[in-house]
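Undergrad: Supplied in structure tokens, the structure appears directly below.
Every read-out reported here was derived from the displayed coordinates using simple, explicitly stated rules and does not represent laboratory data. This one's a predicted model, so the numbers in the text were calculated from it and none came from an experiment. Positions of Cβ are generated from backbone atoms using ideal geometry, with glycine treated the same way; all protein chains shown enter the neighbour counts.
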């Protein structure tokens, strides 16, 4: 709390996942009772978590806003929580109420400065006395994403997007203008953030008893590469046979469309291997639980049918149903497999009854990867966390894993002060190597 006071109530709570950022923010709310109303903006799946945590730990009453704003002229309470999607609709009423404390949960959701949710958060926070941004991965891909977050929290320090990009993002002049995909002066940026607004603690600093992460690459080859090679070398011919309605769009952006199809194709072609690996895991580890992440709904559905003792959290499972899936995994001995989408299940939940995460395929950003890993590596975990990466050799998936590792180095240098790796751009690298 002292650092939040030191930063005059405008701070980025950037503690690693699992160190209690929600509890810290609610403690701040409890300590400043004169700064009301309080507005908490969060992903839709986490609204009820905020309500429960506030009541359970602090006796605070939090009202959950849902749907589009009505014609009411007042807020239903002095502490309200709503999700990003409905914020623009509620913004006029919220601004009229003159909120004094704004909490933006999973603040990396506003990394796109042109997105409607980002503009709404900027307007909401502009006149507030206190603004807290919460995220264990405030940069999910590249440093330029940091600007919109910092501009909302401390606009006087970071007023200009272009100045930030020129100073820290190794700009390149393109035909259409400047491109800010690189990274430079990361040490300087971190020093400024640490001095002015960022509170960043690592698990090894505050939870020495927490077991370390062990990351294991599980490489394997497909039984047959015939279809994959056809999709890679003769993409339009292959696409015409599987999805002819997409031919016209594919011709306009062939490389990018091909990349998406190749990654989904690999996920499908390795499904038999994936099922076998999970079955072998349970046979070798009786009584253990397993958390599995994927980007593909068809993978979740097929594995859920194959392993009926599983629960699901993806974009189709929201609100109380999401809470119930997590509760079953954490408390029911017979539920031993959690099937989650990287985005939908990567934030706001605790899965510490398992010490194993398996990446069935991969998200586009290292931030999403780390968020998924840390569902099990957080307060309450008493054992070493083991992360298994199923990687298909000789495919674009192998290249994606390498690109993610390089990107993670850049993020680490900004947030943790470690020497960065290459400022590799995942999309351009993969598109060049298909």
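Undergrad: Points 7 angstrom from Cα along the Cβ direction at residue 52 and residue 179: gap in nanometres?
TA: Each label point is offset 7 Å from its Cα along the Cβ direction, giving 4.5 nm.
Undergrad: Hey, what's the per residue convex hull volume over the C-alpha atoms of the chain, in cubic angstrom? Please list the in-between numbers first.
TA: Numbers: hull volume 68.4 nm³, N = 434.
Taking the convex hull of the Cα positions in the chain, it is 158 Å³ per residue.
Undergrad: Can you tell me how the range 27-113 classifies by the Cα gyration tensor, rounded, prolate or oblate, using a/c under 1.5 as the rounded cut?
TA: Numbers: a/c = 1.44, a/b = 1.16, b/c = 1.25.
Rounded shape, in that the Cα axes give a/c under 1.5.
Undergrad: Is the C-alpha gyration tensor of the range 125-236 telling us rounded, prolate or oblate? Criteria: a/c under 1.5 is rounded; beyond that, a/b larger than b/c is prolate, otherwise oblate.
TA: On the way: a/c = 2.70, a/b = 1.39, b/c = 1.95.
Cα axes put the range 125-236 in the oblate bin.
Undergrad: Under the rule a/c < 1.5 gives rounded, and otherwise a/b versus b/c splits prolate from oblate, where does the range 1-158 land using the Cα gyration tensor? Spell out each step's value before the answer.
TA: Numbers: a/c = 1.40, a/b = 1.13, b/c = 1.24.
Since a/c stays below 1.5, the shape of the range 1-158 is classed as rounded.
Undergrad: Using R₀ = 35 Å, calculate the FRET efficiency as 1/(1 + (r/R₀)^6) where r is the Cβ-Cβ separation of residue 157 and residue 297; round to 0.05. Could you put the intermediate results ahead of the total?
TA: Details: r = 41 Å, r/R0 = 1.18.
Efficiency computed from Cβ-Cβ geometry: 0.25.
Undergrad: Would you kindly state how much longer the chain becomes between residue 66 and residue 237 on full extension, computed as 0.36 nm times their sequence separation minus their alpha carbon distance, in nm to one decimal?
TA: Details: separation 171, 0.36 × 171 = 61.56 nm, distance 4.67 nm.
Extra length available between residue 66 and residue 237 comes to 56.9 nm.
Undergrad: Multiply the residue gap between residue 95 and residue 393 by 0.36 nm, knock off their C-alpha separation, and tell me the result in nm, one decimal place. Walk me through the numbers before you get to the answer.
TA: Details: separation 298, 0.36 × 298 = 107.28 nm, distance 5.30 nm.
Gain on extension, residue 95 to residue 393, equals 102.0 nm.
Undergrad: Counting alpha carbon pairs within less than 8 Å and at least 6 residues apart, what relative contact order, in whole percent, applies to the chain? The partial results should precede the final answer.
TA: Numbers: 758 pairs, mean separation 75.1, N = 434.
Averaging sequence separation for qualifying contacts and normalising by length gives 17 percent for the chain.
Undergrad: Would you work out the relative contact order for the range 278-358, in percent, from Cα pairs under 8 angstrom that are 6 or more residues apart?
TA: RCO, the range 278-358: 44 percent.
Undergrad: Among 191, 61, 71, which one shows the highest mean-square fluctuation when the chain is modelled as a Gaussian network with alpha-carbon springs under 10 Å?
TA: 71
Undergrad: So if we plug the beta-carbon distance of residue 1 and residue 34 into 1/(1 + (r/R0)^6) with R0 = 22 Å, what FRET efficiency do we get, rounded to 0.05? The partial results should precede the final answer.
TA: Details: r = 16 Å, r/R0 = 0.72.
With a Förster radius of 22 Å, E is 0.90.
Undergrad: Sticking with this structure for a sec: At 222 nm, what helix-only mean residue ellipticity would the chain give, in deg cm²/dmol to the nearest 500, using -39500 (n - 2.57) for each DSSP H run of four or more?
TA: Details: 19 runs with 191 residues, N = 434.
About -13000 deg cm²/dmol.
Undergrad: Out of all DSSP beta bridges with both ends in the range 2-206, state the antiparallel percent to the nearest 5.
TA: Numbers: 3 of 25 bridges.
Roughly 10 percent of the beta bridges in the range 2-206 run antiparallel, per DSSP.
Undergrad: Moving to a separate point now. Using DSSP, restrict attention to beta bridges with both residues in the chain and report what percent are antiparallel, rounded to the nearest 5.
TA: Details: 3 of 49 bridges.
Within the chain, antiparallel bridges account for around 5 percent of the total.
Undergrad: Any idea how far apart residue 276 and residue 85 come out in nm if each label point goes 7 Å out from Cα toward Cβ?
TA: 3.9
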